[in-house]
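The values are calculated or read from the model by the stated rules, or taken from the named source; none is laboratory data. Every value quoted in this text rests on a predicted model; they were computed, and no experiment measured them. Here the Cβ positions follow ideal geometry from the backbone for every residue, glycine too, while neighbour counts run over all protein chains shown.
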Amino acid sequence: MKHLSAEQLNKLDHADLVNIILSQQEEYKKLDDKLQKFMEEVVDAKRHRFGRSSESFEIDGQISFFENDENIAFFNEAEAVKDEEAKEAPAPLKAKRPQGKKEADLSKLEVVETTKYYMSEEELNDEFGDEGYKTLPDEVIKRYYFVPAKVGLEEIHVGVYSGKKSERMVKAKFPAYLMRNSLVSPSLEAGIINAKYVNAVPFYRIEKQFESDGLDITRQEMARWTIASAERYLSILYDYLHEKMYDYHVLQADETPVLVNKDDRPAGSKSYMWVYRTGMNHEHPIVLYEYQKTRNASHPREFLRNFSGVCVTDGYQVYHKLEKEREDLKIAGCYAHARRRYDEALKAMAKGAQKGSLAYKALAMIQAIYNADNALKGLPPEERLLKRQLTVKPLVEAYFAWCHKNEHRTSAKNKTAKGIAYSLSQEKYLRVFLDDPDVPLDNNCAERAIRGFCIGKKNFVMIDTISGAKASSIIYSLVETAKANNLNVYEYIKHVLTVIPNHMEDTDRRFCEELLPWSASLPECCHKKK
């Protein structure tokens, strides 16, 4: 609009002035929306770079679902009332450490070195003189004793015999080994895998550590050993776990990008590491990674081809496409993703403006759903399903009614509007958990399962080759499955690499039953000390 002078404004009639003011209000509204969107992006960028990743949210008092609605005016959430009571009550005293816990913890450790300091007979006589002395129990000072990783040499002597006349030669039987004409052993390879895939230490830093110990083990050797171990041996257990995964009723899926240096594509092309995990309510968790060049539907279609049940995802359309193709596959949504945009919107607001905002109300309602469902943990499936229908379903119904009511109350470009739009687009999938007691509210379990790879990815930045990426997917699968089953990863991988080479000629893979992370046949050392 062109600039008008005071004289020109005085000549305008009432209708023209009204139109000018209305148009200016519309411009201010657009400007305000742009400013809000800009502020959200700035705060979100700062939070991702410098802030904590926590999305915790506390309900403050009653939750108003609908303004001026006599039928559903307020929802008085029980947990919110408890929170308020807790705020008014004096802070509880810090819990005392149980007596004897320290001694119990130390008793699990082996005493590797004992040093004794005693006074000589002459010193004691000088100290006590004619009075004499008696010996009391020693004062025992305990300290942690650290033994750095040490690489030694293992010699395997195999008896060789021949006939005196025929000179026919035979050897004594001995266990199979990992790689012919190689110095690598199950213990060394397990140590390399533990360093890289558990502690996220790149090969070049492991090489430096070996070098400081006087060992000439290069990163190239370690890469060859690791890829060969994954392809020849660990892949057998991986495939067996894949078949086992089909026995479960609920799976959770996620994926994360990764750069692979030599994959016959232009530099910087994204590849993907997919992860599939059994649901939280299953007793023996399985976590499987799969490397693929792309993010298209063919990959989960193939991986899940023999799976029948429910798959919990983050809303990626590929999974919805698979559900339409099959009658035996159902996709469930994730409330953590539904709440994320509201959380980002709230953090971009001034403290005083948060409580009355739509984002605050949305978070409060989703938190109420979480609180009600968390109260049902530990119940038998049938009882949990019944109580979900009685206590959780009304909250879900109210939340989606609120979303429909407020769909057009805010700018379509800001985070709150995007949060409402996301929930409405995912409504079908966000309701699935109400009809199945084993389906969780969110996909956080799969996101946690892929975190180990994401931490490692930050350290090694990219994977060099496709064979390296596929080997990594196999190894991360066994490492994360071992961790989920509370195993000592190093001892477990060492045991697996010791056993599998002896079964390479077997056509029956049932020997893998004894290598499953929950097998009673695993050596005691594979289990973490309780």
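Against the conditions (1) within 30 Å of Glu505 (Cα to Cα); (2) part of a loop (DSSP other than H, G, I, E, B); (3) of a type in the set (D, E, K, R), Asp138 satisfies every one except (1). The number of residues in the stretch 387-411 that are of a type in the set (D, E, K, R), closer than 16 Å to Ala372 by Cα and in contact with a Leu (Cβ under 8 Å, 6 or more places away or on another chain) comes to 3.
Residues checked against (1) without any contact (Cβ under 8 Å) to a residue 60 or more places away in the chain; (2) surrounded by fewer than 20 Cβ atoms within 10 Å (Cβ to Cβ):
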site: Val184; (1), (2): yes, no
site: Glu189; (1), (2): no, no
site: Arg205; (1), (2): yes, yes
site: Met222; (1), (2): yes, no
site: Ala228; (1), (2): yes, yes
site: Ala253; (1), (2): no, no
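Among the residues of the stretch 344-374, just one is in contact with a Ser or Thr (Cβ under 8 Å, 6 or more places away or on another chain) and surrounded by fewer than 18 Cβ atoms within 10 Å (Cβ to Cβ), namely Ser357. Scanning the stretch 477-530 for residues that are in a helix (DSSP H, G or I) and aromatic (Phe, Trp, Tyr) returns Tyr490, Tyr492, Phe511. Answer with yes or no whether Asn194 is under 37 Å from the mean Cα position of the chain (by Cα) and buried (at least 17 other Cβ atoms within 10 Å of the Cβ). Yes, satisfied.
All conditions in (1) out of contact with any Gly (no Cβ under 8 Å at 6 or more places or on another chain); (2) farther than 21 Å from Ala149 by Cβ hold for Ile227, with the sole exception of (1).
Tell me which residues, restricted to the stretch 99-129, are outside any loop (DSSP other than H, G, I, E, B) and modelled with pLDDT of 85 or more. Give the derivation first.
Our first condition is that a residue be outside any loop (DSSP other than H, G, I, E, B); within the stretch 99-129, this holds for 101-107, 121-129.
Listed by number, the residues that qualify are Glu121, Glu122, Glu123, Leu124, Asn125, Asp126, Glu127, Phe128, Gly129.
Checking each residue in the stretch 437-490 for being of a type in the set (Asp, Glu) and buried (at least 20 other Cβ atoms within 10 Å of the Cβ) picks out Asp442, Glu480.
Has the stretch 493-503 got any residue that is in the same structural domain as Tyr291 (by TED's automatic domain parsing), more than 21 Å from Ser187 (Cβ to Cβ) and surrounded by fewer than 17 Cβ atoms within 10 Å (Cβ to Cβ)? Step through it out loud before you land on a result.
Restricting attention to the stretch 493-503, the residues satisfying the condition of being in the same structural domain as Tyr291 (by TED's automatic domain parsing) are 493-503.
Filter once more, keeping what is more than 21 Å from Ser187 (Cβ to Cβ): none.
No, the stretch 493-503 contains no residue that is in the same structural domain as Tyr291 (by TED's automatic domain parsing), more than 21 Å from Ser187 (Cβ to Cβ) and surrounded by fewer than 17 Cβ atoms within 10 Å (Cβ to Cβ).
From Leu215, Leu178, which residue is within 29 Å of Cys526 (Cβ to Cβ), modelled with pLDDT under 90 and in the same structural domain as Lys483 (by TED's automatic domain parsing)?
Numbers: Leu178 fails: in the same structural domain as Lys483 (by TED's automatic domain parsing).
Going through Leu215, Leu178 in turn, just one is within 29 Å of Cys526 (Cβ to Cβ), modelled with pLDDT under 90 and in the same structural domain as Lys483 (by TED's automatic domain parsing): Leu215.
Among the residues of the stretch 289-340, the ones that are of a type in the set (A, V, I, L, M), farther than 23 Å from Ser423 by Cβ and either crowded, with 18+ Cβ neighbours inside 10 Å or assigned by TED's automatic domain parsing to the domain that holds Gly419 (or both) come to 1 in all. Among the residues of the stretch 397-419, the ones that are within 11 Å of Ala359 (Cβ to Cβ) and among the small types (Gly, Ala, Ser) come to 2 in all. Among the residues of the stretch 164-174, the ones that are exposed (fewer than 10 other Cβ atoms within 10 Å of the Cβ) and either assigned by TED's automatic domain parsing to the domain that holds Val499 or assigned to a loop (DSSP other than H, G, I, E, B) (or both) come to 7 in all. Taking the criterion of being closer than 21 Å to Tyr476 by Cβ, in contact with an Asp or Glu (Cβ under 9 Å, 6 or more places away or on another chain) and among the polar types (S, T, N, Q), the only residue of the stretch 492-530 that qualifies is Ser519.
Looking for something assigned by TED's automatic domain parsing to the domain that holds Asn486, at positive phi and not in a helix (DSSP H, G or I) - is there at least one such residue anywhere in the stretch 255-276? Within the stretch 255-276, one or more residues are assigned by TED's automatic domain parsing to the domain that holds Asn486, at positive phi and not in a helix (DSSP H, G or I).
Just one residue in the set Thr416, Thr391 is out of contact with any Phe, Trp or Tyr (no Cβ under 7 Å at 6 or more places or on another chain) and either buried (at least 17 other Cβ atoms within 10 Å of the Cβ) or in contact (Cβ under 8 Å) with a residue 12 or more places away in the chain (or both); that residue is Thr391. Applying a threshold of 8 Å to beta carbon distances and a minimum spacing of six or more residues, or different chains, the list of pairs starting in the stretch 330-345 at a residue that is under 19 Å from Lys361 (Cα atoms) and ending at one that is part of a strand (DSSP E or B) reads Cys334/Val312.
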